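*Asks:* Sharing a structure, written as structure tokens. Questions coming.
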Amino acid sequence: KMPQTPPFAAMFDSSGYNRNLYQSKEDNCGGLYYHDNNLLSGSLEALIQHLVPNVDYYPDRTYIFTFLLSSRLFMHPYELMAKVCHLCIEQQRLSEPGLDKKWMQKIAPKILQLLTEWTETFPYDFRDERMMRNLKELAQRIASGDEMYRKNVHQLLQNLIRKLAAVSQYEEVLAKIDATSTDRLTVLKTKPQSIQRDIITVCNDPYVLAQQLTHIELERLNYIGPEEFIQAFVQKDPLNNDKSCYGDQKKTRNLEAYVEWFNRLSYLVATEICMPVKKKHRARVIEYFIDVARECFNIGNFNSLMAIISGMNMSPVSRLKKTWAKVKTAKFYILEHQMDPSSNFYNYRTALRGATQRSLTAHSNREKIVIPFFSLLIKDIYFLNEGCANRLPNGHVNFEKFWELAKQVSEFMTWKQVECPFERDWKILQYLLTVPVFSDDALYLASYESESPENHIEKDRWKTLR
């Protein structure tokens, strides 16, 4: 019988970890320091040992996730995998000769379970040849013992290969989309664009547009591996002159693609507003996007909401005073207030907590949707990483910091697993992903042509652009 694994939401209870570290003397257990049953620190070796199951022990699931997530700050996943394999083989060697088969029956399901958790939660680690080699070797060892394990091992490898194929395919699609929009951008340098359709012609219902944006957001979220959050920092600081810094390969592609999508959406909004020649038409586009943004808020899609607001706040858009005078702005100010950055985005964080609560008790996929304002999530994790040392003065790994990192990332893991409940509209999706958008210069040019420059700075800029 395999040890069962609870869902992500249940993994990290909200109680957090005890902050009063030094009230009582710490219990030291084989190189690991605990306080009130919370693991606070340990030597790297002891922590690796703690990851590997034995006949009487299987590591706690929160520990597995936390250690696999953060250990990459100290060593490559393939180095960790090699150590895990070594420890498993060592255990087998030390068991009494006659008991080999019995030992294998007891330990095999546990090792298999550990490998399952690793391949399911951090599949991208296995895009590394060395990782795959080690995995297959260990799996082979398990499979040689018993017909049933052979089936399980086969299943595990099949699932992993399927996941990796899906991500490669997704990355190819992203590259194609990038190429298409770049090609079109070169065509679209000048105004007026009689050739260019506008968003309201493609989709006149703001509710439907908000739903299609949610499709894009959830798909892109889904492809971000939890480890990408940590690997985003690893390149920045070669740790304690540690040689095993991850400089050799960029492993944050899907995270970057998601940030690029946010920027694209902001520029798309600004382009759609600045393009129309008539003031009345521009005002209508602004009102349309306010409705889209409001629906994004209701859905729990905070990332699209924030991108739309930042597009409307770009100076080529915000300088269009005569256009804004025709807009009913009350709804816009409510949204801006929700996303106000003051007090460290207090209003947004409150709304996010509300959406998170709703998703925990949700009965339908629609109520489960929580799409966080992504750059803020990255920033929070970044500051948590920067603000605490990875090692304590005694050389131990600061595991308390890793619990906190894992707690933030595991919440994201719950959000990214939601299936989008809305029907896809390929025509609208295609438009959102590939329609050309203006560069900064083109936006200013369009903006000045719509409402002429008001001061010297603007006049000079217009001259240069023309």
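*Asks:* If you look for lysine pairs in the stretch 34-161 that are eight or more places apart or on different chains, how many of them have Cα atoms under 16 Å apart?
*Replies:* 5
*Asks:* 5 Å is the cut-off here: which amide hydrogens, built 1.01 Å from N in the peptide plane, fall below it relative to Tyr33, excluding neighbours closer than 5 in sequence?
*Replies:* Leu40, Ser41, Gly42
*Asks:* Here's another thing I want to ask about it. Say a paramagnetic label sat at a point 7 Å from the Cα of Asn54, along Cα to Cβ; which residues of the stretch 104-130 have their backbone N under 20 Å from it?
*Replies:* Answer for this model: 104-115.
*Asks:* Another one. Towards the positive end of the charge dipole of the chain, with charges on Cβ (+1 Lys, Arg; -1 Asp, Glu), say which of Thr66, Pro436, Ile299 has the farthest Cα.
*Replies:* With unit charges placed on the Cβ atoms, the residue in question is Pro436.
*Asks:* Ordering Glu404, Glu386 from largest to smallest accessible area (1.4 angstrom probe), what's the sequence?
*Replies:* Sorted descending by solvent-accessible area, the residues read Glu386, Glu404.
*Asks:* Contour minus end-to-end for Thr201 and His86, with contour as 0.36 nm per residue of separation and end-to-end as the Cα-Cα distance?
*Replies:* 35.2 nm
*Asks:* Starting from the Cα of Lys101, move 7 Å in the Cα-to-Cβ direction to define the label point; list residues of the stretch 137-151 whose amide nitrogen is under 19 Å from there.
*Replies:* Flagged as within label range: 141-151.
*Asks:* Ok, one more. With a cut-off of 8 Å between alpha carbons and a minimum separation of six or more residues, what is the relative contact order of the chain in percent?
*Replies:* It rounds to 21 percent for the chain.
*Asks:* Normalised by the residues of the stretch 248-385, what does the relative contact order come to in percent, with Cα pairs under 8 Å and at least six apart?
*Replies:* Reported as a whole number, the value is 26 percent.
*Asks:* Then there's this: Find the relative contact order for the stretch 71-150 and round it to a whole percent, using C-alpha pairs within less than 8 Å whose residues are 6+ positions apart.
*Replies:* In percent, rounded to a whole number, it is 38.
*Asks:* Please arrange His86, His281, His215 by accessible surface area, largest first, computed with a 1.4 Å probe and ligands excluded.
*Replies:* The ordering from most to least exposed comes out as His86, His281, His215.
*Asks:* Take the Cβ-Cβ distance between Arg93 and Tyr346 as r, set R0 to 56 Å, and report the resulting FRET efficiency rounded to the nearest 0.05.
*Replies:* About 0.45, to the nearest 0.05.
*Asks:* Given the rule -39500 (n - 2.57) for each run of at least 4 DSSP H residues, summed and divided by the residues of the chain, what is its mean residue ellipticity at 222 nm, to the nearest 500 deg cm²/dmol?
*Replies:* -21000 deg cm²/dmol
*Asks:* With every protein chain present, what is the per residue accessible area of the chain (1.4 Å probe, Å²)?
*Replies:* On a per-residue basis, 49 Å².
*Asks:* If you place +1 on the Cβ of every Lys and Arg, -1 on the Cβ of every Asp and Glu, and leave all else neutral, what size is the dipole of the chain about its Cα centre, to the nearest 20 Debye?
*Replies:* 1240
*Asks:* Treat each spin label as a single point 7 Å out from the Cα along the C-beta direction, and report the Arg461 to Lys322 distance in nm.
*Replies:* Once both label points are built, they end up 1.8 nm from each other.
*Asks:* Separate question: Dipole of the chain (Lys/Arg Cβ +1, Asp/Glu Cβ -1, origin at the Cα centre): which of Ser318, Ala139, Ser364 lies farthest to the positive side?
*Replies:* Ser318
*Asks:* Once the piece of chain linking Asn38 and His281 is laid out straight, how much longer is it, given 0.36 nm per residue of separation minus the C-alpha distance between them?
*Replies:* 81.4 nm
*Asks:* Accessible area of the chain with a 1.4 Å probe: how many percent of it is carbon plus sulfur?
*Replies:* Of all accessible area on the chain, carbon and sulfur atoms account for 53 percent.
*Asks:* Just checking my list (1) 26.6, 82; (2) 23.1, 74; (3) 26.2, 91 against Rg and Dmax of the Cα atoms in Å computed from this structure; which label fits?
*Replies:* (3)
*Asks:* Expressed in nm to one decimal, what extension gain is obtained for the pair Asn390 and Asp178 from 0.36 nm per residue of sequence separation less their Cα-Cα distance?
*Replies:* Going from the current span to full extension adds 72.6 nm.
The values are calculated or read from the model by the stated rules, or taken from the named source; none is laboratory data. Since we're looking at a predicted model, the values are computed, not measured. Reconstructed Cβ throughout: ideal geometry from the backbone, glycine too, with neighbour counts over all protein chains shown. These accessible areas exclude ligands, DNA and RNA; they are computed on the full protein's heavy atoms, side chains included. Shrake-Rupley method; radii C 1.70, N 1.55, O 1.52, S 1.80 Å.
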